[in-house]
Amino acid sequence: RLCGTDQRLSTPNTTPTWLGVRQTQFDTDTAAVFGADIPEGARAGLTAYYMHTHHYDVLITRRDGRLYAQLRKHLFDMAMVTAEIPLPECSEVTLRITSDRSTYTFTAAADGGAPAVLGTALTAGLATEVTEHMTFTGTFLALFAEDGDAAVRRFDYKAVWEK
């Protein structure tokens, strides 16, 4: 269980609720299964996180009693939800981020159904060379929760090592 607070991934100088692994290779497959019983207004999901001003998030949120999956992007001072789909009533949602040398791809699936592609994002947006603070820490693939608790039922991370 992740206990999400009002400290968000995009808020500077805070400690948002997240737990992650460093992305060690370009080719990755990261998936997490979340309980669909998140509270109204809460957000929980997976993030490709470089720093508070550079991250891509695939998440679930509940608004007006309805569950949605979203793709949210934050680059420099621009933050936006670039895709949103309503999800059917379900008990769990699988969120996935896959990556290769150029692109992250984000999907969501309710109760093990067919995944819906929410969109893609360029890996260059999370590169040290383009961020305003050259931290050299690299990108993390992480679970997160904001403004409410989330049950995480499974987390899988696979990196494909280059030959």
Hypothetical label at Val130: residues of segment 98-119 whose amide nitrogen lies under 20 Å (7 Å Cα-Cβ projection): 98-107, 118-119
Kindly write out, for segment 7-24 in residue order, the coupling ³J(HN,Hα) from the Karplus curve 6.51 cos²θ - 1.76 cosθ + 1.60 (θ = phi - 60°), rounded to whole Hz, with x marking Gly and Pro. 8, 9, 4, 8, 7, x, 6, 10, 10, x, 7, 7, 9, x, 10, 5, 6, 9
Can you tell me how segment 57-98 classifies by the Cα gyration tensor, rounded, prolate or oblate, using a/c under 1.5 as the rounded cut? oblate
Once amide hydrogens are built 1.01 Å from N within the peptide plane, the residues lying 5 or more places from Gln7 or on another chain with amide H under 5 Å from its amide H are Asp147
Share of Cα-Cα pairs in the chain lying beyond 19 Å, as whole percent: 50
What is the distance in Å between the Cα centres of segment 46-102 and segment 17-35? 13
Beta carbons within 10 angstrom, averaged per residue: use that to sort the peptides 58-70, 37-49, highest first. 37-49, 58-70
Exposure ranking of Cys90, Cys3 by accessible area [1.4 Å probe, largest first]: Cys3, Cys90
For the chain, modelled as a GNM with alpha-carbon contacts under 10 angstrom, which of His74, His55, His133 fluctuates the most? His133
For Glu92, what residues show an amide H to amide H distance below 5 Å, using hydrogens built from the backbone and excluding near sequence neighbours? Ala36, Asp111
Find the relative contact order for the chain and round it to a whole percent, using C-alpha pairs within less than 8 Å whose residues are 6+ positions apart. 36
Top positive-direction residue, dipole computed over the chain with Cβ charges, set Ala42, Gly125, Gly148: Gly125
What FRET efficiency, computed as 1/(1 + (r/R0)^6) with R0 = 30 Å and r the Cβ-Cβ distance, is obtained for Asp111 and Thr14, rounded to the nearest 0.05? 0.35
What FRET efficiency would be calculated for the residue pair Lys158, Ser102, taking the C-beta separation as r and a Förster radius of 22 Å, to the nearest 0.05? 0.75
If the only charges are +1 at each Lys and Arg Cβ and -1 at each Asp and Glu Cβ, what is the size of the charge dipole of segment 97-149 around the Cα centre, to the nearest 20 debye? 280
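The values are calculated or read from the model by the stated rules, or taken from the named source; none is laboratory data. Please read all numbers here as calculations on a predicted model, not as lab measurements. Because the Cβ atoms are built from the backbone with ideal geometry, glycine has one as well, and the counts that use them run over all protein chains shown. With ligands, DNA and RNA removed, areas are computed over all heavy atoms of the protein, side chains included. Shrake-Rupley method; radii C 1.70, N 1.55, O 1.52, S 1.80 Å.
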